[in-house]
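Participant: Provided herewith is a single structure, encoded as structure tokens, for subsequent inquiry.
The values are calculated or read from the model by the stated rules, or taken from the named source; none is laboratory data. From a predicted model like this one, the values you see are computed outputs, not experimental measurements. A quick note on method: Cβ atoms are made from the backbone with ideal geometry, for glycine too, and the neighbour counts reach across all protein chains shown.
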Amino acid sequence: MTTREFYISVDVETDGPIPSVNSMLGIGAVAFDTHEKLLSRFAVNLLPLENAVQNPATMLWWERHLIAWSYLQKNCVPADKAMADFHHWIMTISKQEDAKPVCVCYPSGFDFTFIYWYLMRFTEHSPFGFQCIDLKTLAYAALGKSFKDVSKRNMPLKWSLGNRKHSHIAVEDAEEQGYLFFAIRNEIENMRY
């Protein structure tokens, strides 16, 4: 018997590259069923962790993205509340869909690292387990290029939705990557036949 699943595209915004040393400042997540239907969106801005530091290089990067940075400063909540709400949102959809959540990130080595660390630290449970679909790896499998040559700017135009821009507002970027996931998945499905 096949386990039913649904996909949650997750994007995070941070003030540095390392969970616990640096803080996750925003989570955007968009849930989709296996047929590409958007089920629900989740967004939260988090207060920085106590004793965490801002990474200077990351903060220079944020100086070039002031609209997204000012969005991150609104309605911030403590990390424990943010993660409890995120966990509850995932589990509610899981129950409604009678399906297991699968995390989708780009790149998973960054976004999922923060999501997993924060979930385990503040809820002691990851609904995703240890697993996440990495879109860069999926694109690598579909394109047959070297892994280093796989980037969003080198992906086929047919995979994009044209007018969607990467805004660095987490929930918008999560939705963009969710549709990218299905475009790549469909490309791989078509290669099988």
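Participant: Across the range 129-172, what is the number of residues that are in a helix (DSSP H, G or I), within 14 Å of the chain's Cα centre (by Cα) and aliphatic (A, V, I, L, M)?
Facilitator: The qualifying residues number 3.
Participant: If you don't mind, another one. Identify, from the list Ser70, Ser40, Ser9, Ser94, the residue that is touching a residue at least 40 places away in the same chain (Cβ under 8 Å) and more than 15 Å from Gly178 (Cα to Cα). Reasoning before the result, please.
Facilitator: Values: Ser70 fails: touching a residue at least 40 places away in the same chain (Cβ under 8 Å); Ser40 fails: more than 15 Å from Gly178 (Cα to Cα); Ser9 fails: more than 15 Å from Gly178 (Cα to Cα).
After applying the criteria, what remains is Ser94.
Participant: Determine whether the range 30-39 contains at least one residue that is over 23 Å from Lys136 (Cα atoms), among the aliphatic types (A, V, I, L, M) and out of contact with any strand residue (DSSP E or B) (no Cβ under 6 Å at 6 or more places or on another chain).
Facilitator: Checking the range 30-39: not a single residue is over 23 Å from Lys136 (Cα atoms), among the aliphatic types (A, V, I, L, M) and out of contact with any strand residue (DSSP E or B) (no Cβ under 6 Å at 6 or more places or on another chain).
Participant: A further question on this structure: Would you mind stating whether Glu175 is acidic (Asp, Glu), without any contact (Cβ under 8 Å) to a residue 12 or more places away in the chain and either outside any helix (DSSP H, G or I) or buried (at least 20 other Cβ atoms within 10 Å of the Cβ) (or both)? Give the steps one after another, and end with the answer.
Facilitator: Values: acidic (Asp, Glu): yes; without any contact (Cβ under 8 Å) to a residue 12 or more places away in the chain: no; either outside any helix (DSSP H, G or I) or buried (at least 20 other Cβ atoms within 10 Å of the Cβ) (or both): yes.
So Glu175 does not fit the description; no.
Participant: Right, next: Which of the numbered conditions does Leu143 fail, given that it passes all the others? Conditions: (1) modelled with pLDDT under 95; (2) under 19 Å from Ala174 (Cα atoms).
Facilitator: It fails just one condition, (2).
Participant: Turning to a different aspect of this structure: Residue check, Phe130 against (1) without any contact (Cβ under 8 Å) to a residue 40 or more places away in the chain; (2) touching a His at 6+ places or on another chain (Cβ under 8 Å); (3) of a type outside the set (Ser, Thr, Tyr); (4) under 30 Å from Asn51 (Cα atoms), all met but one. Which one?
Facilitator: Unmet for Phe130, out of (1) without any contact (Cβ under 8 Å) to a residue 40 or more places away in the chain; (2) touching a His at 6+ places or on another chain (Cβ under 8 Å); (3) of a type outside the set (Ser, Thr, Tyr); (4) under 30 Å from Asn51 (Cα atoms): (2).
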